[in-house]
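Quick notes on the structure that follows.
The values are calculated or read from the model by the stated rules, or taken from the named source; none is laboratory data. Note that this is a predicted model, so its numbers are computed, not measured. When we count neighbours, we look across all protein chains shown, and the Cβ atoms used for this are built from the backbone with ideal geometry, even at glycine. For accessibility, only protein heavy atoms count, side chains too; no ligands or nucleic acids. Shrake-Rupley method; radii C 1.70, N 1.55, O 1.52, S 1.80 Å.
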Amino acid sequence: MAIHKSAEKKYRRDEKRRIINKMNRSKMRNKIKLFRSKIKAGDVEEARKMFPDVIASIDKTISKGTIHRNTGARYKSRLNVLLMKTGAKT
């Protein structure tokens, strides 16, 4: 356990940040899962409509520093490829 006062403060701050990061990552992943499930179910039109919202969610997670920008770019690219395979136009 932390001994110095500054170390204790850093521990408290890190714990709050960890919870916020977990929440942000979870929101992003849930939107991605919903998007993939729509495509898998064959509801391509609905998936196409929600695509900008999913991309925005990934961008927000990147801007908050929860995930790295290259990781976000990889997510977006893979989702776009998945959408394009269905024949939908973005």
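Between A41 and S77, take the C-beta separation as r, use R0 = 22 Å, and let me know the FRET efficiency to the nearest 0.05.
Values: r = 22 Å, r/R0 = 1.02.
Plugging the Cβ-Cβ distance into 1/(1 + (r/R0)^6) gives 0.45.
At a threshold of 8 angstrom on Cα-Cα distance, excluding pairs fewer than six apart, so keeping six or more, what relative contact order does the chain reach in percent?
On the way: 45 pairs, mean separation 25.5, N = 90.
After rounding, I find 28 percent.
Could you look at the chain and say what percent of its accessible area is carbon and sulfur, using a 1.4 Å probe and all protein chains? Numbers along the way, then the final one.
Numbers: 3580 of 6770 Å².
Carbon plus sulfur share of accessible area: 53 percent.
Going down the table (K27/K60; K40/K60; K5/K64; K10/K60), which pairs top 21 Å between alpha carbons? Please list the in-between numbers first.
Numbers: K27/K60 10 Å; K40/K60 25 Å; K5/K64 27 Å; K10/K60 25 Å.
Beyond 21 Å: K40/K60; K5/K64; K10/K60.
Using +1 on the beta carbon of Lys and Arg, -1 on that of Asp and Glu, and nothing else charged, what's the dipole of the chain about the Cα centre, debye to 20? All intermediate terms of the calculation are to be shown ahead of the outcome.
On the way: 27 positive and 8 negative charges, 70 e Å.
The dipole magnitude comes to about 340 debye.
Send over the semi-axes of the chain's equivalent ellipsoid, whole angstrom and largest first, taken as the square roots of 5 times the C-alpha gyration tensor eigenvalues. Mind showing how you got there, number by number?
Numbers: eigenvalues 262, 27, 15 Å².
That gives 36, 12, 9 Å for the three semi-axes.
Please give the length that would be gained between M84 and K22 if that part of the chain were fully extended, namely 0.36 nm times their separation in residues minus their C-alpha to C-alpha distance (nm, one decimal).
Numbers: separation 62, 0.36 × 62 = 22.32 nm, distance 2.99 nm.
Additional length available on full extension: 19.3 nm.
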